[in-house]
Amino acid sequence: MNQTSSSRAIRPRRSVLYLPANNSRALGKLQGLACDSVIFDLEDSVVPGAKEEARETLRRFFKDGHAAALPEGMETVIRINPLSSPWGGEDLLAARGCKPDAILIPKVDAPDDIVAVEDALEQTDAPPSLRLWAMIETPKGVMNAGQIARTARTDGARLDCFITGTNDLIKETGVAALPGRPWLSPWLMQIILAARAYGLDVLDGVFNDFRDEPGLADECRDGQAMGFDGKTLIHPAQIETANRAFGIAPERLAEARRITEAFALPDNTDRGVISLDGRMVERLHLDMAERLIEKAARIAARHDGDKET
Ligand SMILES: CC(C)(COP(=O)(O)OP(=O)(O)OC[C@H]1O[C@@H](n2cnc3c(N)ncnc32)[C@H](O)[C@@H]1OP(=O)(O)O)[C@@H](O)C(=O)NCCC(=O)NCCSC(=O)C[C@H](O)C(=O)O
Ligand SMILES: [Mg+2]
């Protein structure tokens, strides 16, 4: 069955932090961070000569229980190198052995790149709960985004989330990296549309200037308005800004509650459309309000978990 954006699982992915898998100091910091997800990177932040060391550091991190001890609800993702690269096969085996929540495939050009990883995982009896995330960051990836997202419809599919790789897209296309992303945005919107057509989450690319908080806040605001679920990050200093931008403001939550309460009134239970404060409100708005309330509850649960640790 096709999963639509209103039926997909709700999982806060406001702030998704990359961390080079061979950076032990950064790994040691994770426990105290409030990001919703972490991506342990074996790809671009690790030079070829350090790939094996990075895999080994990651294996130990998971084996010694450090991943299990992360704050409740923090999702763990491992970014492997492409299967077509000299490191991809070993990375996939190492990632599978770590048992993260998801494996992130970079530079996905076409559906076959997802299918190849799914097939390889089948050989290892990977549990059905292991998800796949895909980076859309090449011209072909953008052009084929709909077909790639469509693989999520097949039986046993693992694809769950797209990430836009804006640095690679800028490199591959020569598009200007300007504030407000005027030329990049049409491609980002295309990726968002493809993800939504098949019920996937979709995350915005990184903001490289990690000391420019106002710049990050602007880009997060734009990303949220474009429809992204959250932002990928490179530095702990960026987490709070992303959590705020992709979180749920009290006014939005209050409005959602008013919509659910209005539809629950005896006069309105059988009505498809009602009037609220001079505005038309339909059942699709009720669906949106219910999802927003559930998402707010999941975010609150994340923070309760943070307090306990
Ligand atoms: C960008 C950095 C290299 C900056 O590092 P550094 O100069 O060490 O920063 P600070 O001195 O300000 O760090 C302060 C402390 O915070 C820890 N730290 C830094 N970054 C992280 C992190 N990502 N996760 C956890 N902890 C972190 C430092 O260890 C310091 O701690 P301490 O020493 O105890 O004081 C660095 O931030 C970094 O490496 N970031 C991640 C880079 C990365 O993963 N890049 C690849 C993913 S982005 C990408 O590929 C985009 C995509 O594919 C595309 O195409 O767009
Ligand atoms: Mg990239």
Going by amide H atoms built from the backbone, whose H comes under 5 Å of the H on G165, apart from near neighbours? I136, E137
Could you work out how far the C-alpha centroid of the stretch 14-44 sits from that of the stretch 113-148, in angstrom? 22
With a point put 7 Å past each Cα toward its Cβ, work out how far E90 is from A264 in nm, to one decimal. 5.7
Below 12 angstrom from the Cβ of V46, what's the summed charge of the other residues (Lys, Arg +1; Asp, Glu -1)? -4
Given only helices, namely DSSP H runs of n ≥ 4 each adding -39500 (n - 2.57), what is the per-residue ellipticity at 222 nm of the chain, to the nearest 500 deg cm²/dmol? -13500 deg cm²/dmol
Output the 0 to 90 degree angle, nearest 10, between the alpha-carbon long axis of helix 51-63 and the longest principal axis computed from the alpha carbons of the chain. 60
Protection proxy ranking, peptides 51-60, 121-130, 25-34, 228-237, average beta carbon neighbours within 10 Å, highest first: 228-237, 51-60, 25-34, 121-130
Amide H neighbours of F207 at under 5 Å, excluding residues fewer than 5 places away on the same chain, with H built from the backbone geometry, are I234
For a Förster distance of 30 Å, can you work out the FRET efficiency between the beta-carbons of E282 and H303, rounded to the nearest 0.05? 0.40
In whole Hz, what ³J(HN,Hα) sequence does the stretch 147-161 give by Karplus (6.51, -1.76, 1.60; θ = phi - 60°), x for Gly and Pro? 5, 5, 4, 4, 4, 5, 7, 6, 4, x, 5, 10, 5, 9, 7
Of the convex hull enclosing the alpha-carbon atoms of the stretch 250-308, the direction-averaged projected area in nm² is 4.5
Using the Cα centre as the reference, give the magnitude of the dipole from point charges on the C-beta atoms of the stretch 51-186 (Lys, Arg: +1; Asp, Glu: -1; all else neutral), rounded to the nearest 20 debye. 280
Potential lengthening between D209 and A68 on full extension [0.36 nm per residue; Cα-Cα distance subtracted]: 47.7 nm
For the stretch 210-216, what does the Karplus curve 6.51 cos²θ - 1.76 cosθ + 1.60, with θ = phi - 60°, yield as ³J(HN,Hα) per residue in whole Hz, taken in order and with x for Gly and Pro? 6, 9, 9, 5, x, x, 5
Ordered by packing density, taken as the mean number of other Cβ atoms within 10 Å over each peptide's residues, highest first, how do 292-300, 99-107 rank? 99-107, 292-300
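Please give me the summed charge of the neighbours of I105: other residues whose Cβ is under 9 Å from its Cβ, Lys and Arg +1, Asp and Glu -1.
+1
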Give a residue-ordered list of calculated ³J(HN,Hα) values for the stretch 253-260 (Karplus: 6.51 cos²θ - 1.76 cosθ + 1.60, θ = phi - 60°; whole Hz; x for Gly, Pro). 5, 4, 4, 4, 5, 5, 5, 5
Determine the sum of side-chain charges near L27: Lys and Arg each +1, Asp and Glu each -1, restricted to other residues whose C-beta is under 15 angstrom from that of L27. +3
Cα pair count fraction exceeding 25 Å, expressed as % - the chain: 51
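Here, each number is a calculation from the coordinates, and none is a lab measurement. Quantities reported herein were computed from a predicted structural model and do not represent experimental measurements. No Cβ is skipped: glycine too gets one built from the backbone with ideal geometry, and neighbour counts run over all protein chains shown.
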